[in-house]
1. Run the quick spin-label model on Val34 and Leu21: label points 7 Å from Cα toward the beta carbon, then report their separation in nm to one decimal.
2. Please report the orientation-averaged projected area of segment 42-96, defined via the convex hull of its C-alpha atoms, in nm².
3. Taking the simple approach of a point 7 Å from Cα along Cα-to-Cβ for both Ile94 and Asp62, what is their distance in nm?
4. Taking one equal scatterer on every alpha-carbon of segment 5-96, how large is log10 of I(q)/I(0) by Debye at q = 0.23, 0.25 1/Å?
5. Calculate what fraction, in whole %, of the accessible area of the chain sits on carbon and sulfur atoms when a 1.4 Å probe is rolled over the protein chains.
6. Using helices alone, what [θ] at 222 nm do you get for the chain, with -39,500 (n - 2.57) per DSSP H run of 4 or more residues, divided over all residues and rounded to the nearest 500?
7. Can you give me the angle between helix 61-76 and the longest principal axis of the chain, using Cα atoms only, in degrees from 0 to 90, rounded to the nearest 10?
8. In Å², what does the accessible area per residue of the chain work out to with a 1.4 Å probe?
Amino acid sequence: MSRKSHNGEKFMYAVPVRTELGWGYKIYLSTEDVKDTSSDRIYIKQDYIPGIPGKQAFKSEDDALQVANLVILKISTGQQPMIALRELDSLGIIKK
């Protein structure tokens, strides 16, 4: 997911990353609607599932992207990018 900008605003997009324990994600900021991970600034780097204790990686690339896209949505709508257990449960990332 990427959020489009207007008049000097930033673009955000997520990229899944393979970690030692599974999957994580990076959220990048760009000044153009072109994804270039070599020159865009990393805004958030998340190697583990946010909102749960310990170091538990995402089981799949898709799980990591689902949460990353939720974080982008929250930021783009002016919300704090915190992820709650109920959100992880509703996305099927964890089971309560």
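1. 3.7
2. 3.9
3. Label-label distance for Ile94 and Asp62, simple model: 2.1 nm.
4. Relative scattering, expressed as log10 I(q)/I(0), comes to -1.17, -1.32.
5. Heavy-atom surface of the chain belonging to carbon and sulfur, 1.4 Å probe: 49 percent.
6. Value at 222 nm, helices only, nearest 500: -7000 deg cm²/dmol.
7. Once rounded, the angle reads 50 degrees.
8. 63
The values are calculated or read from the model by the stated rules, or taken from the named source; none is laboratory data. Bear in mind the structure is a predicted one, so any value in this text is a computation, not a measurement. FYI the Cβ positions are ideal-geometry reconstructions off the backbone, even for glycines, and counts take in every protein chain you see. Keep in mind that these areas ignore ligands, DNA and RNA; they rest on the heavy atoms of the full protein, side chains included. Shrake-Rupley method; radii C 1.70, N 1.55, O 1.52, S 1.80 Å.
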